[in-house]
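Everything on this sheet refers to the single structure shown next.
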Amino acid sequence: MTETGDEAAWLVTASGVRRRVGAHGVLIGRASSCDLVIDDEFMSSQHALIRRTSTGYELHSLGRNPTLVNGEQVEQIALVESGDRLELPGAAFTFLVDAESRPEVDAFHLRVGADRYRVPRAPFSVGGSRHDDLYIPELPPAGLTFFTAGDALLLEPSEGGFELDGEPLRAEEIRAVGDGQGVVWGPVHLTVESASPNARNATTNMGDLAVLRRVRFRYLPTGGELELEIGRESITCRMSELRCRLVAILLAPPDGFEPGEFVPDEAVIPLVWPRQPDRSHYDLNTLVHRLRKDLLRVGLDPTRIVERARSGGGTRFQLDTATVLDVP
């Protein structure tokens, strides 16, 4: 069984917490660099890897002590199916392929004149180059890129000059768009249309931020890791060192500011670049953009997580009063 556009694979604990098995798989072990860390003396530093292949999902047993699938020991590699029970030292999971956990593949269309074009889950480029997925000669090459994240549709213009419902868009600004919204470049008008009842207007698999139960951040030997518990789902994002500094500052801001509040650029910039006084708002904008790309890469809508003040000059990590923070 392979994962398709409307399926997601999970490792589910007895309490219902889920860890997605993404494109790079999930590495389980005692080492802090693993995707799923189990603190058990019988767990190897890298004990098991579960990953998707062209033939289905495979469990690779890497540790000294046994790994069991439905009570049977895995010698090296075993195929796993939805509903299988996985047992490791100090942990047990149910492997689940959930066909209802992702929106339909054709959740959004772009209307250009009388024609409609489906936006697939993969990045979809619209522009004036014949290399673009949707070629419109009046647009600049790769002028717009559309992404899907959860049940949201996001767009990113490559340069200024585009407008979203009459509001100018900055170059490389990632924005969520919903049913009926229009993008304009000179004579070109594109309208976003929902093709699925599961698609929501400018929302994500995060839904309301009240479902953001926990935010866990930790540094790794190279870079760091951000883990978000959203409802029953756990999503992990790995980041470079500079992006880690920014996240750490927003989650544990300097005196006078609380987590979830906008932190002024004047307070953030010298903490991110402590020995580089020439750094500016432009550098911070670029860093925020790259952090948002990291979040988008793991299927999250970054506009609902890291927010820049519309007037500029401040950044915040969007939280709710019920969100639990686990920050060193």
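The values are calculated or read from the model by the stated rules, or taken from the named source; none is laboratory data. Bear in mind the structure is a predicted one, so any value in this text is a computation, not a measurement. Cβ placement follows ideal geometry from the backbone for every residue including glycine, while neighbour counts extend to all protein chains displayed. Calculation scope for accessible area: heavy atoms of the full protein, side chains included, ligands and nucleic acids excluded. Shrake-Rupley method; radii C 1.70, N 1.55, O 1.52, S 1.80 Å.
Selection of the stretch 217-276 for residues being of a type in the set (Asp, Glu) and touching a Lys or Arg at 6+ places or on another chain (Cβ under 9 Å) yields Glu225, Glu227, Glu229, Glu233, Glu261. Against the conditions (1) under 30 Å from Val183 (Cβ atoms); (2) surrounded by fewer than 20 Cβ atoms within 10 Å (Cβ to Cβ); (3) at pLDDT 90 or above, Leu110 satisfies every one except (2).
Regarding Ala248, is this residue buried (at least 19 other Cβ atoms within 10 Å of the Cβ), touching a Phe, Trp or Tyr at 6+ places or on another chain (Cβ under 8 Å) and small (Gly, Ala, Ser)? It is true that Ala248 is buried (at least 19 other Cβ atoms within 10 Å of the Cβ), touching a Phe, Trp or Tyr at 6+ places or on another chain (Cβ under 8 Å) and small (Gly, Ala, Ser).
Might you check whether a residue that is closer than 25 Å to Leu155 by Cβ and in a strand (DSSP E or B) occurs anywhere in the stretch 284-306? Checked against the condition, which is being closer than 25 Å to Leu155 by Cβ and in a strand (DSSP E or B), the stretch 284-306 yields at least one hit.
When we screen Val324, Val298 for residues that are exposed (fewer than 15 other Cβ atoms within 10 Å of the Cβ), touching a residue at least 40 places away in the same chain (Cβ under 8 Å) and not small (Gly, Ala, Ser), the only hit is Val324.
Annotation: Arg310 fulfils all but one of (1) farther than 14 Å from Val215 by Cβ; (2) in a loop (DSSP other than H, G, I, E, B); (3) touching a residue at least 60 places away in the same chain (Cβ under 8 Å); the unmet one is (3). In the set (1) in a helix (DSSP H, G or I); (2) at pLDDT 95 or above, Val183 fails one condition alone, (1). Taking the stretch 266-283 as the range and being part of a helix (DSSP H, G or I) and of a type in the set (A, V, I, L, M, F, W, C) as the test, the residues that pass are Ala267, Val268, Ile269, Leu271, Val272. Given the criterion of a type in the set (D, E, K, R) and open to solvent by less than 60 Å² (accessible area, probe 1.4 Å), identify the matching residue among Arg20, Arg51. Sole residue among the options that is of a type in the set (D, E, K, R) and open to solvent by less than 60 Å² (accessible area, probe 1.4 Å): Arg20. Counted as qualifying within the stretch 114-174 are the strands (runs of 3 or more DSSP E) with 3 or more residues that are touching a residue at least 40 places away in the same chain (Cβ under 8 Å), namely 144-149, 152-157. Looking at this structure, is His24 farther than 30 Å from Tyr219 by Cβ and within 24 Å of the chain's Cα centre (by Cα)? No, not satisfied. The set of residues in the stretch 133-174 that are touching a strand residue (DSSP E or B) at 6+ places or on another chain (Cβ under 6 Å), open to solvent by less than 50 Å² (accessible area, probe 1.4 Å) and of a type in the set (D, E, K, R) contains only Glu156.
Take the conditions charged (D, E, K, R), at pLDDT below 95, loosely packed, with under 15 Cβ neighbours inside 10 Å and under 22 Å from the mean Cα position of the chain (by Cα) and apply them to Asp255. Does it pass? So Asp255 does not fit the description; no.
Only one entry in Gly56, Gly71, Gly83 is loosely packed, with under 15 Cβ neighbours inside 10 Å, more than 26 Å from the chain's Cα centre (by Cα) and not β-branched (Val, Ile, Thr), namely Gly71.
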